[in-house]
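To start, the structure under review is shown below, and the notes come after it.
The values are calculated or read from the model by the stated rules, or taken from the named source; none is laboratory data. All of these numbers come straight from a predicted model, not from anything done at the bench. No Cβ is skipped: glycine too gets one built from the backbone with ideal geometry, and neighbour counts run over all protein chains shown.
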Amino acid sequence: MFDRPLKILFASSEVVPFAKTGGLADVSGSLPKALAVTGHDNMGNDVRIVMPRYQHIEACCYKTDFPVPFLNRFETAIIRESAIESHFQEKRKTIPVYLVDNYHYFYRDRMYMFDDEAERFAFFCRAVLEMLPRLDWQPDVIHCNDWQCGPIPLFLKTHYRQNPFYNRIATVFTIHNLQYQGNFSREALKILGLGEEFFHPEKIEFFGSVSFMKAGILYADLINTVSRTYAEEIKHPETGERMDGILRKRSGDIYGILNGINYHEFNPGTDQRIHRNYDRFSIANKKENKFALQKTIGLPVRDVPVVGLISRLVDQKGIDLVSEIIDDMMSEDLQFIVLGSGEKYYEDMFKNIKTRYPEKVGLYIGFNAVLAQRIYAGADMFMMPSRFEPCGLGQMISLRYGTIPVVRFTGGLADTVSEYNTATGTGNGFGFSEYSGTELLKALRRALHLFREQPEQWNQLVRNAMEQDFSWTRSGVEYLQLYQEAMSRHPSVQKIA
Ligand code: ADP
């Protein structure tokens, strides 16, 4: 299928273990590991990662530095090199990670949400391209992720178009979440170094703004998103975040490849962060994790169903449905353990719920990767009633840990969770379609009923969940096919000129 190893540059604004605010970081830290060892008689591919060096990332090996032409001046980029190890499927490989360092743009107390985001990430994209000849490394494809990397395909087809070093490089643009679009004022054209002719609906103008996401969508050779269902949803006006028109135009170039999770890292059989390891043959041990979790979070240690929720606390995640049903939910004999941070409104909402139900609700506001694992391992059910969900990793991790997802069937949740059927013993969770508290409550009650009344069936369900394979094995191969397709569609030098 693949005649030679590919050279792939994976560009992302966040990568585990260096920086993470959400699922993008998990994908950026795990997909390259799979690609590095997939294909070519297991020789794998030459995969490298590039990301900004934020202040909190430890200084690491200096690689090179150079001036980046930017805003009518030259701004220095220092490239530092770190690495991640791939232990994928018993094979080992080192993946270089290039960190783009610039004191002015990236030495800040957080990663995002500054007034000069356009400048910060346009600089990053420009530096990524300027870096390549300095490394003497010409990738076959640059895999660009989310709006922060949207200008890369645009730059290749504008500033670098006449330069023979660049014009064989194909691009793939992945939409991890269409809601975050990187839309800026018209001034951003100057930052991108482009003329007024680009402020046009056929180019990167977007409802009066300049959109970095639109740049990625329009100029990449191929586009993909992180589940098949979401790839369809984003082409519709109700769920297309105003990009649906452009996406429909490129509909033949849009793919949906389901994210995976790293089965090496997320493994209840070996996970050092949890109290007691277990696998699908020792499900009974899972209960010890529940008791340890109850202790850690300060709830009574009891054998009641524990519902977990780990999420960014934003509208997307359907948190308002939780608030709608909370009193009905609390009338049940259960415990609810929430880990999240985000909008103050939702943080306050959960603090209030905790105050009202101190014996039933465990709450940690903030980001805590270790506690997250303990909840995945210790809870019985995992709630994810998202308004929309491009892919969702939480439900995949919970399945891996035998913690049964209760989800809204949207986007990637619809592609990974199926309703448990007591007659056939098939399915891996519970769900609902209509966005309503009543439907969420019904799904939760179906789960609670099975848990309490039919323990044998529940164990079957847990086994089903743990037997699912959402590792990167299959999706990694699909990405390699996507890259090859992008390379074959990339216009030749003659066609570009
Ligand atoms: P999104 O990318 O929209 O935030 P995903 O489900 O794709 O949602 O990925 C979220 C990832 O972040 C999961 O790995 C989840 O466990 C983790 N996560 C979310 N909130 C927290 C938190 N407060 N503490 C620790 N991990 C979190």
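For this structure, a couple of remarks:
- Scanning segment 229-252 for residues that are away from the ligand (no atom under 16 Å from the Cβ) and touching a residue at least 60 places away in the same chain (Cβ under 8 Å) returns GLY240, MET243.
- Search result, residues across segment 69-111 that are of a type in the set (Phe, Trp, Tyr) and under 19 Å from LYS7 (Cβ atoms): PHE88, TYR98
- GLY394 vs. criteria within 25 Å of ASP253 (Cα to Cα), within 26 Å of the chain's Cα centre (by Cα) and surrounded by 17 or more Cβ atoms within 10 Å (Cβ to Cβ): no
- TYR278 falls short on exactly one of the conditions (1) more than 25 Å from TYR401 (Cα to Cα); (2) part of a loop (DSSP other than H, G, I, E, B), and that condition is (1).
- Residue satisfying condition, being farther than 24 Å from CYS61 by Cβ and within 26 Å of the chain's Cα centre (by Cα), within set TYR160, TYR180, TYR105, TYR166: TYR180
- Considering segment 355-388, the residues that are under 26 Å from PHE432 (Cα atoms) and basic (Lys, Arg) include one that is farthest from the ligand (Cβ to nearest atom), namely LYS360.
- Across segment 302-330, the qualifying residues are those that are within 16 Å of TYR376 (Cα to Cα) and small (Gly, Ala, Ser), and the one among them that is nearest to the ligand (Cβ to nearest atom) is SER311.
- Within segment 49-75, tally of residues that are over 25 Å from TYR160 (Cβ atoms), aromatic (Phe, Trp, Tyr) and touching a strand residue (DSSP E or B) at 6+ places or on another chain (Cβ under 8 Å): 1
- Of the helices (runs of 4 or more DSSP H) contained entirely in segment 310-386, those carrying at least 1 residues that are closer than 28 Å to TYR278 by Cβ fall at 319-330, 369-378.
- When ALA77 is tested against (1) in contact with a Phe, Trp or Tyr (Cβ under 8 Å, 6 or more places away or on another chain); (2) within 30 Å of ILE261 (Cβ to Cβ), just one condition goes unmet, and that condition is (2).
- Residue match in segment 331-347 (condition: among the polar types (S, T, N, Q), away from the ligand (no atom under 13 Å from the Cβ) and either crowded, with 16+ Cβ neighbours inside 10 Å or at pLDDT below 95 (or both)): yes
- Residues in segment 44-71 that are under 30 Å from TRP472 (Cα atoms) and among the hydroxyl-bearing types (Ser, Thr, Tyr): TYR54 only.
- Of the set (1) crowded, with 16+ Cβ neighbours inside 10 Å; (2) of a type outside the set (Gly, Ala, Ser); (3) in a loop (DSSP other than H, G, I, E, B), all apply to LEU444 but (3).
- Residue check for PHE10: in contact with a Pro (Cβ under 8 Å, 6 or more places away or on another chain), free of Cβ contacts under 8 Å to residues at least 12 places away in the same chain and either of a type outside the set (Lys, Arg) or surrounded by fewer than 24 Cβ atoms within 10 Å (Cβ to Cβ) (or both): no
- Residues being surrounded by fewer than 24 Cβ atoms within 10 Å (Cβ to Cβ) and of a type outside the set (S, T, N, Q) - total across segment 403-419: 4
- Of all the residues in segment 161-179, those that are part of a loop (DSSP other than H, G, I, E, B), at pLDDT 95 or above and surrounded by 18 or more Cβ atoms within 10 Å (Cβ to Cβ) number 5.
- Test result for VAL16, surrounded by fewer than 21 Cβ atoms within 10 Å (Cβ to Cβ), among the hydrophobic types (A, V, I, L, M, F, W, C), under 25 Å from the mean Cα position of the chain (by Cα) and under 25 Å from GLY216 (Cα atoms): yes
- Scanning segment 236-268 for residues that are buried (at least 19 other Cβ atoms within 10 Å of the Cβ) and in contact with a Ser or Thr (Cβ under 6 Å, 6 or more places away or on another chain) yields a count of 5.
- Pick from segment 6-25, criterion more than 17 Å from ARG80 (Cβ to Cβ) and not aliphatic (A, V, I, L, M), ranking: farthest from the ligand (Cβ to nearest atom): LYS7
- Residues that are modelled with pLDDT under 95 and either in a strand (DSSP E or B) or over 24 Å from GLU117 (Cβ atoms) (or both) within segment 60-93 comprise CYS60, CYS61, GLU85, SER86, HIS87, PHE88, GLN89, GLU90, LYS91, ARG92, LYS93, listed in sequence order.
- Of the residues making up segment 389-408, those that are near the ligand (Cβ under 10 Å from one of its atoms) and aliphatic (A, V, I, L, M) are LEU393, MET396, ILE397.
- Criterion violated by PRO69 - all others in (1) away from the ligand (no atom under 16 Å from the Cβ); (2) buried (at least 20 other Cβ atoms within 10 Å of the Cβ); (3) over 17 Å from ASP136 (Cα atoms) satisfied: (2)
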